[in-house]
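Since every read-out is calculated from the coordinates, none of them should be taken as a lab result. Quick caveat: nothing in here was measured; it's all calculated off a predicted structure. With ideal geometry, Cβ positions are generated from the backbone for all residues, glycine too; neighbour counts draw on all protein chains shown.
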There are 2 protein chains.
Amino acid sequence: MTNISKATLQRYPIYLKALRKLSADGTKRVLSSELSEYVNIKSTTIRRDFSLMGQFGKQGYGYDVDELINIFARELGEDYDEKMILIGVGRLGTAILNYNNWDYVAGEIVCAFDLQPEKRSHEPKVNVPVYHIDQLKEKIPPGCEIAILCIPSGAQEIVDQLHELGVKGIVNFTREHFVLPEGMIKKDVDVVSTIQELVFEVNSINK
Amino acid sequence: MTNISKATLQRYPIYLKALRKLSADGTKRVLSSELSEYVNIKSTTIRRDFSLMGQFGKQGYGYDVDELINIFARELGEDYDEKMILIGVGRLGTAILNYNNWDYVAGEIVCAFDLQPEKRSHEPKVNVPVYHIDQLKEKIPPGCEIAILCIPSGAQEIVDQLHELGVKGIVNFTREHFVLPEGMIKKDVDVVSTIQELVFEVNSINK
DNA sequence: TGAAAATTATTAAATAATTCACAAATAATT
DNA sequence: AATTATTTGTGAATTATTTAATAATTTTCA
C-alpha cells in the first residue's frame, strides 16, 4: 500500500465518485473499458491503478462495483472514519459544515474553531460544536490528522499550531500565503488558481 | 509556447500568486531559491519552468518580479482578457460573481445564464447581465472559450451546447457526472474529492 | 579594474508515470 | 465439453517530468 504513486492517489477520488454513481444507478459490474469512457482515463491506467490495491477484477468479467467501493474504503480511508476539524466558521466554513453527504465521504468534521464562536452562523441542525480558537489544544480530537482551513487571515500561526498538535494534512481555502511545515501535506481549493490553470491550458493548446 | 508540459502549466498559477504577493509587499527582485522556499517547489524546477517562456532571469541577480508577472500575462493569459461566462447563478454562482479581484486574474465574467434569471440573488453592484439559459446561443460573447458551471443538474445538455458554441474549457463545480466532448478541457473544483485526495495521501504515507 | 561569489540556463542523467503487448483466466457459445 | 470471445493483470517499452551537474553570465567587493 505504501508504494502507490501520487498520480494514482489523485485519481482514486475520481474513480470513487464514478463508482458511487454507478452503484446508485443499480450497476453491479463494470469493465475497465466502460469506466474509462466514463471518467476519461485510459482503461489500462485504471487497471494498473486498481491492481495496486490487490487483484479483485475477474478476467472476462470485469469488476464488481460494490466490492470495489468497499476496497477503496478499507485500503485508503481507514473506513472513511477520519476525524477532521474545521477552522473558521464564516460563510464558507458554514457551507462546508452543512454539506449533506459529509459523513460517508472520508470521515467527518468532529468540531470547529473560530475567533468568535458565539457568532456561529450555521444552522442548528448541524450538531458540531464550535469552540474558540484558543481552545484548540484542549478540544482537538485525539488522533486528528486533517484540518480544513477557512479563515481569512492568520493562517501561518494556526498551521504551526496544528503541526505541533500532530495534524498531517490541510485542506486550504485560504488565499493567504503560509509556509508549510516539514512533513505536512496541503491541498488548495482555489477557484482563482483553477480558472487560471484552465485559461493557461486552453491558450497554450490554441497556439 | 506550445510545448509547455501539463505539469508546468499547473504550477504557473502558484508562481503567479506568489509573485503578486511579493510584488504587493514591495519586493522588486527574487531568486529562484527564495521563491522555492516560498512555494515549496525545487528551485531547479522553477528555473526550468520559467525558461520555457524565454530567458528573462539574470545570472547572479535573479528575476525581476514585476517583469515576470507581465510575462506570465503576455505568454499565457492573452493579457488576462479572457471573456468568460457563468452558468447557474445560485448561491455559489453569486459568490463567484461577487469575487473581488476577478478582473485582473485571467479575464472576466461577461455574462451569466440561469433557468430563472429573474431570481438573481447577487448584489446589484455586480454589473453582469443574467440571461435565461435558452438565450445561450444569442448572448454568448464572441470568442468565448471558458465557462464556469455552477448548476445542480442538467450539466450534460449544457456542456454539449457549449461545445457546439466553441467553448474549450469548463470550470466545473457540479458533482454530477457528464461526458466531456472531444477536445474540451475540464477542471473540477470539488471539496469532497479534494478532502478524499488528502485523506488517501495522508493514510498512504502513514502505512 | 579584476577576481571571487552568486545565480541562471541548459545538457545530461535519473526518476516517475503511462501505455503497449500479451499471457492467464473467465465467461459465453455451440 | 470444447471452442471462441472477453477481459484482467503485469512485465517491458515508452514517454513525461524532475533533478543533478555544470557552463555561462552578472554582480559584488577588494
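Quick one: work out the % antiparallel among DSSP beta bridges in the protein assembly as shown, nearest 5.
10 percent
Over chain A, what portion of Cα pair distances is larger than 21 Å, expressed as a whole percent?
62 percent
What's the magnitude of the charge dipole for chain A around its Cα centre, counting Lys and Arg as +1 and Asp and Glu as -1 at the beta-carbon? Answer in Debye, nearest 20.
Values: 24 positive and 29 negative charges, 139 e Å.
Around 660 debye, computed over chain A.
Ratio to report: Rg/Rh of the range B:79-192, with Cα atoms as the point set and Rh obtained by the Kirkwood method; give two decimals.
Working: Rg = 13.0 Å, Rh = 14.1 Å.
Across the range B:79-192, the Cα-based Rg/Rh ratio is 0.92.
Please tell me the relative contact order of the range A:79-192 in percent, rounded to the nearest whole number, where contacts are Cα pairs under 8 Å and at least six residues apart. Mind dumping the intermediate values first?
Working: 202 pairs, mean separation 28.6, N = 114.
Answer for the range A:79-192 is 25 percent.
Restricting to Cα pairs below 8 Å that are 6+ residues apart, what does the relative contact order work out to for the range B:6-75? Please round to a whole percent.
On the way: 49 pairs, mean separation 27.8, N = 70.
This gives 40 percent for the range B:6-75.
For chain B, which span is the longest to avoid every loop-located (per DSSP) member of GluC sites (Glu not before Pro) having at most 14 other Cβ atoms inside 10 Å?
B:1-175
The protein assembly as shown: Rg/Rh from Cα coordinates, Kirkwood Rh?
0.96
How far is helix A:191-206 tilted, in degrees, relative to the longest principal axis of the Cα atoms in chain A, given as a value from 0 to 90 rounded to the nearest 10?
Roughly 40 degrees, rounded to the nearest 10.
Averaged over all directions, how much area does the convex hull of the C-alpha atoms of the range A:6-76 cover when projected, in nm²?
Numbers: hull surface 16.9 nm².
About 4.2 nm², averaged over all directions.
May I ask you to evaluate 6.51 cos²θ - 1.76 cosθ + 1.60, the Karplus curve with θ = phi - 60°, for each residue of the range B:161-177 and list the ³J(HN,Hα) values in order in whole Hz, giving x for glycine and proline?
4, 4, 4, 5, 7, x, 5, 9, x, 10, 9, 9, 9, 6, 9, 5, 7
Can you work out the Karplus-derived ³J(HN,Hα) for every residue in the range A:16-24? Use 6.51 cos²θ - 1.76 cosθ + 1.60 with θ = phi - 60°, whole Hz, and x for glycine or proline.
After applying 6.51 cos²θ - 1.76 cosθ + 1.60, I find 4, 4, 5, 5, 4, 4, 4, 4, 4 Hz.
Less than 14 Å Cβ to Cβ from residue B:136, Lys/Arg counted +1 and Asp/Glu -1: what total charge do the surrounding residues give? Intermediate results must be reported in sequence, preceding the final value.
Values: positive: B:137, B:139; negative: B:114, B:134, B:138, B:157, B:160, B:164.
Net local charge, residue B:136 excluded: -4.
To make sure I understand, if each residue's beta carbon is the centre and we count other beta carbons within 10 Å, what order do B:45, A:174 fall in, fewest to most? Walk me through the numbers on the way to the answer.
Values: B:45 14, A:174 22.
Ordered by Cβ neighbours within 10 Å, fewest first: B:45, A:174.
Collect residues whose amide H, placed 1.01 Å from N in the peptide plane, falls under 5 Å from the amide H of residue B:188; neighbours closer than 5 in sequence don't count.
Amide H to amide H, under 5 Å and 5 or more residues apart or across chains, residue B:188 pairs with B:172.
How many angstrom lie between the Cα centre of the range B:1-58 and the Cα centre of the range A:168-189?
19 Å
Under 5 Å between amide H atoms, partner at least 5 residues away or on a different chain: which partners does residue B:84 have, H built in plane at 1.01 Å?
Amide H neighbours of residue B:84: B:108, B:109, B:110.
Report, by chain and number, residues whose modeled amide H sits under 5 Å from the one on residue A:29, excluding near sequence neighbours (fewer than 5 apart, same chain).
A:65
Ignoring everything except DSSP H segments at least 4 long, calculate the 222 nm mean residue ellipticity for chain A; use -39,500 (n - 2.57) per segment, divide by total residues, nearest 500.
Calculated mean residue ellipticity at 222 nm is -12500 deg cm²/dmol.
How much of the DSSP bridge set in chain B is antiparallel, in percent, rounded to the nearest 5?
10 percent
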